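Q: After the structure tokens below, expect a handful of questions from me.
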Amino acid sequence: MRELKRIFLSPARLLLLGGLLLACIMLYLAEDVHNPGFYRRYEQTLAYYRAHPRRSAAEEMDRELAHIQTLALLWRWDHGDDVSEFTAEELSMYYGEDFDLRLQTGELQIPDSAMTYLFRRQEVLQSLRDLVQYQWDYPEYLNTVHQNAAQMAAMSVFSGQSGFSAKNIEKTDRDFPTQVRLRLDNNLALEHLVSDQLGTSCLLVYVLAVVLAFLDERRRGLWTLIHAAPRGRAGLALCRAGILLLAAALGTLVIFGGKFVAISLRCGGWGDLSRTVQSSPAFRNCPDVMTVGAFLRRFFFLKVVGAWLAGLIVWAILQGVHHLPLAIAAAAVLLGAEYGCYRLIPDSYSLVILRYANLFALVDLPALSLHYLNVNLFGEPVRGTMLTLGLMPPLALLALGANLLLAARKKPVSRENPVLSLLDRLRRPVSRLVGRLSLLGQELYKLLWLQKGLAVLLAVGVFCFAALEAPYPDTELYNTRLAGLSASMAGPITQDTLAGIDEKLTTYAAWEQTEAVRAQTELLRELKAKVKQSLAKGDGAWLIAQAGPAALMSRQSTAQGRKNGLILLLALCLLLSGLFAAEPQNRITLLLRGSPGGRGRLLRTKLLAALLATGLLWLLFALGELRALVATYGPLPLRAPLCSMDCFAAWPAGISLGAGVLGYLLLRLLGLLAAAMGVIVISVLCTRINTAMLAACAALVLPAALSYMGLGLFDSLSAARLLSPMACGPWTWPLAALWIAAAAWALSRLWARHPVQSRARG
Amino acid sequence: MELTIKELSKAYGDKQALEGFSYTFRPGVTAILGPNGAGKTTLMHLICDCVARQTGQILYNGTDVLKLGQSFRRVLGFMPQAQGMYEQMTAYDFLCYMARLKGLRGGRARAQIRELLRLVNLESAAHRRVGGFSGGMRQRVMLAQALLGQPEVLLLDEPTAGLDPEERVRLRSYLEDLGHSRILLITTHITSDVETVADRILLMEGGRLRFAADTAEFIAGCGARDLEDAYIRRLRGL
């Protein structure tokens, strides 16, 4: 009972569970890809069509969709967009031959607000139309599966009864039903639940946190004491296995229960629970015919059992290795390898069996069951999910037995670990090298190596060079209508440019005056006016492709920009929180303050190290973003004058675009340094690294996260704005510089405090 | 070379940790004895300016140590009671880091570190993480860092705690050598550790200096058999 209370009522784990639930729900709500009011409209429209036979529902939807599409074309026409490739047939088809006349007289003018409504209606109708089409096609799909099986069995390469392929075909034929009764209903909630990955990760994190709590006695040096106690061995392990099961159930209940409610509220419920799961397109490849209600019960049950099993396996590994950091490293390597197998092995590989005989498959089994695949087990086709399911009982027994045995037999005092001895030998040359470093080098070594800052930088580097996408161009920064032409004629504006435009105009004049040619001619005239104006001004501007620079220097605080800012701020908090907080945590402050360089010099060196690390973070991000920009929009014309961009047309000619980009990136560095100073001030106020990290995250990451989730109230409080310089006002930068100076002054005062404030000893 | 303390006082809230302490330390080993809460550690913290003093002065060769600042800390070696270290650093790394903070550089620093590691008998463990060290080994690393830079004033707070008998004998003889040329202050509860090496004994109680004398006089003056007996007798006012 005491162990139960220790595990479940620990403030850290309660906070973790609450945080995971909050993160799951907030990120789910933030990830909405639909227009506002989509779910309400979907429910209403579905209620209308539910009573209709499929065919008439589909026909009515098709008619309405065609109507909206035509109105959209007219609206675009009215806004000056080039719709020439549609208008001739489609518009005339809908409005008759006099549509030109009706448009000119204003009879067809469509207000923007009406079009917004129609676009939203179109989204709902299209979703429902796709659903109806899927349900219409599903019997045919099942037929095709069975027919394919019959046809392939007749082919010579598959006809051998003993081969895996032949058996696989037969099994697929047997597994899939011949017919399933489908019902038109709201499947959105079900689809949101099965496509969720974050909830599964959060559940795993909670279970692993509980497993780590079982090893607290090792961390606190109490292992010998517990091991010597009468019930401190197998009895305690058995009790802990039970607690782990409860933790898996609690985690599932809180995380998925919370999400279940959030999904339910957003999507307008789960529909009729007695309909078959195949009514949703997500279950197209799932051969198990069951009701939605049965699937939900199975979902929750499998989550609990899977999380418990995963916890038992990781616990056994952690118990098996004596040295705790080494045990955690071993568990991390196993989890990494398992995740790699789970995510990366393609279906066609024989190793695909490792995807199903996998720790992550145990936790993610309900989602895995949507994908039908037979694996080759000693020549026999076995359904992957059935393999995972079949492995559960023996694995549970094995992991439980291993944990009990290890708890009973593993001694707290062991021989020297050979891996640690090897590490000691490897550490010798590194140690010699570190000994030669200056104080700045030593501080960087502490920050990047001992406090794992290098891992943070590596993670950011991987994100920047593998996952960072180029931002979208801010279309308010340049004339998008002329963008294509300007890009095709890129280069300095001279009389030759003008001549080139005139030449093209002459060519177009000789062509048949179709809509497309007329539109192109209009654009060329507009470009000519711009070129003439530039020549008259003599500002040396170029014609350039402006999409790349406009994407980099966006004025909009976009979701992507907010997400990138959030990641940078999080990295900053992880990187710098230990800068000062590590000293009191290691109880070394007295020693530092008693040494000649432990005051002003150490403060300056630490600050310099922190600023260098921040600079490295900035550089990684800047290089990653530039790489993504160049890959998407082509090389930036850095030598062109900045005034070549429409939004900087009034700027002096002497400044190049390269200097402009550099200035922009330097402003971002200033923003990052201001945020870094915030983290450093928090670090000097805290006496534990974790406390500093939590406080820094609460101060910097939380407002940025809330802003990213769409809570506009936090936009102005979010430090992520500083990383999108064009989205900030002109006073932001003097204020940021002032804050850096004030924070440096505050740091010097805080660091100058006497380390012993209220202690009396000896 | 002298370290003069005049009317030094410090209180933590209502608790008077040190009250009107005055004494002049000269080269040699001075042992500061006293029960828990006597003010020994507070005195050490005040000397190295790790705690703000309330009243009084600490003068090194006639100049206040606050005025001397860094130049005083350059001649100061301090071994605090808490064995705080960066757990993931090796003993050698940690000493190199402390050497940098003390302004020692290059080959001279490394030679001194090697010499000190030999002295505290940690040569073979020099490249192991201090996080895996026993209490005695950590104590020896702390002593080595205090001796870095050959300080003129050495403050050792409970230096023999956690050391095995062999190490204590070794340390005693080393401290005896050190005491000839510098001011060496040792606080301890283990009187046998300082009986043979201390030139002078200060007895503190309740933040006040109760008695100060040469070791021989401290023992003989109260008719005690040894330092431990003298300590108990003097504390009880016999």
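Just so you know, all these numbers are worked out from the coordinates, no wet-lab data involved. All values derive from a computational prediction rather than experimental measurement. Counting neighbours? That spans all protein chains shown, and the Cβs are built from the backbone with ideal geometry, glycine included.
Q: Set the Förster radius R0 to 45 Å, insert the Cβ-Cβ distance between B:Glu228 and B:Met1 as r into 1/(1 + (r/R0)^6), and round the FRET efficiency to 0.05.
A: So the FRET efficiency works out to roughly 0.90.
Q: Oh, and also: Would chain A count as rounded, prolate or oblate if I go by the C-alpha gyration tensor, calling it rounded below 1.5 in a/c and otherwise prolate when a/b exceeds b/c, oblate otherwise?
A: oblate
Q: Restricting to Cα pairs below 8 Å that are 6+ residues apart, what does the relative contact order work out to for segment A:480-549? Please round to a whole percent.
A: 60 percent
Q: Which FRET efficiency, nearest 0.05, do A:Ala746 and A:Leu702 yield, Cβ-Cβ r, R0 30 Å?
A: 0.85
Q: Got a sec? How would B:Val120, A:Val321, A:Val679 order by Cβ neighbour count within 10 Å, fewest to most?
A: The fewest-first ordering by Cβ neighbours comes to A:Val321, B:Val120, A:Val679.
Q: For segment A:449-491, which semi-axes, largest first and in whole Å, follow from the square roots of 5 times the eigenvalues of its Cα gyration tensor?
A: 40, 11, 8
Q: How many times 2.2 N^0.38 Å is the alpha carbon radius of gyration of segment B:84-150?
A: Compactness ratio reported: 0.97.
Q: So who's got an amide H within less than 5 Å of the one on B:Ile32, skipping anything under 5 residues away but keeping other chains? H placed 1.01 Å off N, in plane.
A: It is B:Ile186, B:Thr187, B:Thr188, B:Leu202, by chain and number.
Q: With n ≥ 4 as the cut-off for DSSP H runs, can you work out [θ] at 222 nm for the protein assembly as shown, using -39500 (n - 2.57) per run divided by the number of residues, rounded to the nearest 500?
A: Per the formula, -19000 deg cm²/dmol.
Q: In nm, to one decimal, how far is the modelled label at A:Ala631 from the one at A:Arg219, with both set 7 Å along Cα→Cβ?
A: My value for the distance between the label points is 3.8 nm.
Q: Based only on other Cβ atoms within 10 Å, what is the fewest-to-most ordering of A:Tyr339, B:Tyr231?
A: Starting with the residue having the fewest Cβ neighbours, the order is A:Tyr339, B:Tyr231.
Q: OK, next. What's the exposure ranking of A:Ser431, A:Ser724, going from fewest to most Cβ atoms within 10 Å?
A: A:Ser431, A:Ser724
Q: In addition: Can you give the convex hull volume of the alpha carbon atoms of segment A:185-409 per residue, in Å³?
A: Cα-based convex hull of segment A:185-409, divided per residue, equals 124 Å³.
Q: Using a 10 Å cut-off around each Cβ of peptide B:27-37, what is the average number of partner chain Cβ atoms that fall inside?
A: Per residue, the number of nearby Cβ atoms from other chains is 1 on average.
Q: Tell me the Rg and the Dmax, in Å, that the Cα atoms of segment A:523-625 produce.
A: Radius of gyration, then largest Cα-Cα span, for segment A:523-625: 24.3, 77 Å.
Q: If you plug each phi of segment A:390-399 into the Karplus form 6.51 cos²θ - 1.76 cosθ + 1.60 with θ = phi - 60°, what whole-Hz ³J(HN,Hα) values come out, in order, with x for Gly and Pro?
A: Calculated HN-Hα couplings, in order: x, 6, 4, x, x, 5, 4, 5, 5, 5 Hz.
Q: Using amide H atoms built 1.01 Å from N in the peptide plane, name the residues 5+ places from A:Asp474, or on other chains, whose amide H lies under 5 Å from its own.
A: A:Ala551
Q: Using modelled amide H (1.01 Å from N, peptide plane; none on Pro or chain starts), what sits under 5 Å from the amide H of B:Phe211, excluding residues fewer than 5 places away?
A: Close amide H contacts, sequence-distant or interchain: B:Leu203.
Q: Sticking with this structure for a sec: Compute the Cα gyration tensor for segment A:487-565, then decide on rounded, prolate or oblate, letting a ≥ b ≥ c be the square roots of its eigenvalues: rounded whenever a/c is under 1.5, prolate when a/b is larger than b/c in the other cases, and oblate in all that remain.
A: Oblate.
Q: Using a 7 Å offset from the Cα along the Cα-to-Cβ direction at both A:Ala294 and A:Asn417, what is the distance between the two label points in nm, to one decimal?
A: Here the answer is 4.8 nm between the modelled labels.
Q: If packing is taken as the average count of other Cβ atoms within 10 Å, what order do A:580-586, A:601-607 fall into, highest mean first?
A: Top of the packing list down: A:580-586, A:601-607.
Q: If you don't mind, another one. Under the definition of partner shielding as Cβ atoms of other protein chains within 10 Å of a residue Cβ, what is the mean value for peptide B:67-80?
A: 3
Q: Another question, if that's okay. Compute the acute angle (0 to 90°) between the alpha-carbon long axis of helix B:106-119 and the principal axis of greatest extent of the alpha-carbon atoms of chain B; round to the nearest 10°.
A: Result, in degrees: 60.
Q: If I take every Cα pair under 8 Å that is 6 or more residues apart in chain A, average their sequence separation and divide by the length, what percent do I get for the relative contact order?
A: It comes to 11 percent, rounded to a whole number.
Q: If I model a spin label as a point 7 Å beyond the Cα along the Cα-Cβ vector, how far apart are those points for A:Lys452 and B:Gln150 in nm?
A: Result: 4.4 nm between the two label points.
Q: Step by step: find N for segment B:75-116, compute 2.2 N^0.38 Å, then divide the Cα radius of gyration by it. What's the final number?
A: Computed over Cα atoms of segment B:75-116, the ratio equals 1.18.
Q: Next question, about the same structure. In whole percent, what relative contact order does segment A:254-384 give with Cα contacts below 8 Å and a gap of six or more residues?
A: It rounds to 23 percent for segment A:254-384.
Q: Expressed as a fraction of 2.2 N^0.38 Å, the rule-of-thumb size for a compact globular protein of N residues, what is the C-alpha radius of gyration of segment B:28-87?
A: 1.25
Q: Here is a further query. Residue by residue through segment B:4-16, what is 3J(HN,Hα) from phi via Karplus (6.51 cos²θ - 1.76 cosθ + 1.60, θ = phi - 60°)? Round to whole Hz and write x for glycine and proline.
A: Coupling constants for segment B:4-16: 9, 10, 10, 6, 7, 9, 7, 10, 9, x, 7, 8, 7 Hz.
Q: Restricting to the protein assembly as shown, compute how many DSSP beta bridges are antiparallel as a %, nearest 5.
A: 60 percent
Q: On a 24 Å Cα-Cα criterion, which of the cross-link pairs A:Lys303/A:Lys411; A:Lys504/A:Lys530; A:Lys446/B:Lys102 come out too long?
A: Beyond 24 Å: A:Lys303/A:Lys411.
Q: Assigning unit charges at the beta carbon (Lys, Arg +1; Asp, Glu -1) and nothing else, what dipole magnitude in debye, to the nearest 20, does the protein assembly as shown show about its Cα centre?
A: In total the dipole reaches around 5000 debye.
Q: Per-residue HN-Hα couplings for segment A:269-283, Karplus 6.51 cos²θ - 1.76 cosθ + 1.60 at θ = phi - 60°, whole Hz, x for Gly and Pro?
A: Here the 3J(HN,Hα) series is x, 9, x, 6, 6, 8, 6, 6, 5, 5, 5, 9, x, 4, 9 Hz.
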